[in-house]
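The values are calculated or read from the model by the stated rules, or taken from the named source; none is laboratory data. In this text, all values refer to a predicted model and were calculated from it rather than measured experimentally. Cβ: placed from backbone, ideal geometry, glycine included. Neighbour counts: every protein chain shown.
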Amino acid sequence: MLHNARWTRPLIVSMVALACAAAAGVASADDAPLPKLSQKKPLKVGFAQTESNNPWRLAETKSFKDVAAKCGWQMVMTDANSSAAKQVSDIRSMIAQKVDLLVFPPREEKPLAPVILEAKKAGIPVILVDRNVDQSLAVAGKDYITFIGSDFIDQGKRAADWLIKATNGNAKIIELEGSTGASAANDRKKGFDDEIASHSGMQIIASQSGDFARDKGRQVMETLLQSHPEVTAVYAHNDEMALGAIAAIKAAGKMPGKDITLVSIDGTKGALEAIKAGELGADVQSSPFFGPISCETAQKYAKGDKIDTWIKVSDKFYDKSNVDASMKDGY
Ligand code: AHR
């Protein structure tokens with residue numbers, strides 16, 4: 001009896017621990033090395049897009065289509081229509097089709113992590129582009145090759161720094177957040193809010209998601225303009241929502257750029273034109289052109305080179321001082 005307890009107790013304890021970890025959604029302790037990538041051509045590459053409702057997403061998809069032939073990639077492409085659940089099932093179907101490599105922007109930080117582990121188990125290497133996943137659930141360098149993308153926290157900080165200067169440290173701000181649960185929304189909020197917090201004259205009076213979409217941004221702004229007529233500034237997590245907000249501000253009889261100062265992130269053609277028109281104050285670039293750098297990274301990985309866990313993309317900044325010379329950057 002005593003002898004049995006010595007063996008069964010630790011077993012039960014570890015089984016309970018495993019069950020708790022699984023229930024909490026913690027990644028399994030899979031210490032297997034990352035799957036290798038073949039150097040064959042063509043290589044079957046799955047690209048699972050989140051949605052195609054804005055110029056940024058279209059530019060990102062085009063960047064992969066443009067690089068495919070040059071890189072020797074035969075693309076399998078899907079569009080999740082703004083649904084994290086659909087993106088997960090799109091990726092599962094690519095795993096079932098036995099693609100050689102998966103490249104995708106995870107729409108949200110948590111729901112897309114388990115499918116990365118599934119790909120690893122199936123022997124398919126993964127490169128994340130643009131957005132990252134929650135590192136407590138899947139880890140760059142261990143569960144997937146790397147994350148290629150911008151520093152979203154820094155983007156938010158740069159937007160805040162410009163706004164603080166432009167408003168002499170005094171503003172009542174409406175923040176239009178990106179898609180709930182997306183790393184781009186979480187980090188752009190953190191970078192901006194933390195910077196604003198150390199300036200007593202800067203006050204965020206409302207913060208709500210516009211799902212990175214123009215019409216949703218317009219609708220949210222329309223409602224918030226009614227409940228917060230005292231607003232003097234808008235920080236939008238992307239250009240589409242900023243352009244939606246500009247439409248709502250005009251419809252409310254106010255002048256964007258005069259009555260309300262706006263700052264945003266992306267660098268789309270529409271936003272650069274809005275800077276030229278004096279309606280948008282400034283824009284932090286966020287590059288969507290991940291095709292060439294993903295190709296280069298995959299080829300290095302296939303050769304056996306060591307890959308950094310975060311390949312950071314550097315972003316420009318646009319305001320009225322450089323917008324004329326920068327119009328060619330817009331997409
Ligand atoms: O993740 C990047 C963001 O997602 C871009 O700012 C936005 O336009 C897109 O939908």
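Some points to look at:
- Checked against (1) more than 20 Å from Trp162 (Cβ to Cβ); (2) within 11 Å of the ligand (Cβ to nearest atom), Glu240 passes all but a single condition, namely (1).
- Matching residues in segment 123-148 - criterion: being at negative phi and either within 16 Å of the ligand (Cβ to nearest atom) or without any contact (Cβ under 8 Å) to a residue 60 or more places away in the chain (or both): Val126, Ile127, Leu128, Val129, Arg131, Asn132, Val133, Asp134, Gln135, Phe147, Ile148
- Hits in segment 125-148 (condition: closer than 22 Å to Ser83 by Cβ and part of a loop (DSSP other than H, G, I, E, B)): Asp130, Arg131, Asn132, Val133, Asp134, Leu137, Ala138
- Meets criteria (part of a strand (DSSP E or B), at pLDDT 95 or above and under 24 Å from the mean Cα position of the chain (by Cα)) for Lys216: no
- Here is the figure for segment 70-91: residues that are assigned to a helix (DSSP H, G or I), within 22 Å of the chain's Cα centre (by Cα), crowded, with 16+ Cβ neighbours inside 10 Å and not polar (S, T, N, Q) total 5.
- Set side by side, the residues Lys300, Lys312 differ, and just one is under 25 Å from Leu128 (Cα atoms), assigned to a strand (DSSP E or B) and out of contact with any Ser or Thr (no Cβ under 6 Å at 6 or more places or on another chain), which is Lys312.
- Listed conditions (1) among the hydrophobic types (A, V, I, L, M, F, W, C); (2) over 21 Å from the mean Cα position of the chain (by Cα); (3) within 15 Å of Asp266 (Cβ to Cβ) are all met by Ile204, apart from (3).
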